[in-house]
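What follows is a set of notes on a single structure, which appears directly below.
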Amino acid sequence: MIETEPVVYVVEDDDASRSLVRALTKSMGVACHAFGSAQEFLDRYDPLQPGCLVLDIFMPGMTGLELQEELNRRGAIIPVIFTTGHGNVPSAVDAMRRGAFNYLEKPFKNADLTDSVRRALEHDRENRQTLTQLDVIRERIVSLTPREREVLDLVASGRPNKIMAQQMGLSQRTVELHRSRVMEKMGARSVAHLVRMLMNLELGGNGAAARG
């Protein structure tokens, strides 16, 4: 069931950490749904529900990074705030490269989490507002050059820059410049956001078909 107000989802295998995040979000007056595993969250999550996700990066079974990858594949735009007690530079870089909203190492300050949640919810609200403006999305696509439209299609299909460069017969640097202009013209904050815009446009604004 989709709630009209935003929801903070917590996916954390540690009971104490999960309870802490739940208590902090509830103190903000925001509804909170907590899950002990990534699969449990996926079984219940509806991408049409506004909100954000507080996600532990290292968990048994499906990891936080794997869950993020699955959400990106589905075109889900929910902002992801990673938390971990075993932080390292490579995992942080990987998470941010894939579009994470923020990355907090445990033990984090309560104020740092609540601030991140507030900003993430506002970010989600702005993203969803953009996605409802189908006419604006169409106009943005029309503004693309033929080459940029080709890049748009390849980016949306998940092609990395190196593969795109090979397919288009361009240097990787040139592809990166085209990709940057496409993201700017489309007003996309991430690849997942871009994919979701195209999905909504294809579905005529009815995101229901994208729930699975």
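The values are calculated or read from the model by the stated rules, or taken from the named source; none is laboratory data. Quick caveat, the model's predicted, so the values are computed rather than measured. Ideal geometry is used to build each Cβ from the backbone, glycine not excepted, and the neighbour counts take in all protein chains shown.
If the requirement is being in contact with a Gly (Cβ under 7 Å, 6 or more places away or on another chain), over 30 Å from Arg159 (Cβ atoms) and free of Cβ contacts under 8 Å to residues at least 60 places away in the same chain, which of these qualifies: Glu105, Glu40, Glu3?
Values: Glu40 fails: in contact with a Gly (Cβ under 7 Å, 6 or more places away or on another chain); Glu3 fails: in contact with a Gly (Cβ under 7 Å, 6 or more places away or on another chain).
Of Glu105, Glu40, Glu3, the one residue that is in contact with a Gly (Cβ under 7 Å, 6 or more places away or on another chain), over 30 Å from Arg159 (Cβ atoms) and free of Cβ contacts under 8 Å to residues at least 60 places away in the same chain is Glu105.
Looking at region 128-145, which of its residues are modelled with pLDDT under 85 and in a helix (DSSP H, G or I)? Outline the logic, then answer.
Just the residues of region 128-145 that are modelled with pLDDT under 85, to begin with: 129-135.
Across region 128-145, the qualifying residues are Gln129, Thr130, Leu131, Leu134, Asp135.
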Inset, instruction - Tell me, please, whether a residue that is surrounded by fewer than 17 Cβ atoms within 10 Å (Cβ to Cβ) and more than 27 Å from Ser27 (Cα to Cα) can be found in region 114-133. - result: yes
Inset, instruction - State yes or no: is Ile81 touching a Phe, Trp or Tyr at 6+ places or on another chain (Cβ under 8 Å), under 27 Å from Ser157 (Cα atoms) and in contact (Cβ under 8 Å) with a residue 12 or more places away in the chain? - result: yes
Inset, instruction - Report, by residue number, each residue of region 30-81 that is at positive phi and modelled with pLDDT under 95. - result: Gly61, Gly75
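If you scan region 169-185, which residues turn out to be over 21 Å from Arg140 (Cβ atoms) and part of a helix (DSSP H, G or I)?
Filtering region 169-185 down to residues over 21 Å from Arg140 (Cβ atoms) leaves 169-174.
Once the filter is applied, which keeps residues that are over 21 Å from Arg140 (Cβ atoms) and part of a helix (DSSP H, G or I), region 169-185 yields Gln172, Arg173, Thr174.
Quick test for you: out of Ala188, Ala120, pick the one residue that is outside any helix (DSSP H, G or I) and modelled with pLDDT of 90 or more. Talk me through it step by step, then tell me what you get.
Numbers: Ala120 fails: outside any helix (DSSP H, G or I).
Criteria check complete, one pass: Ala188.
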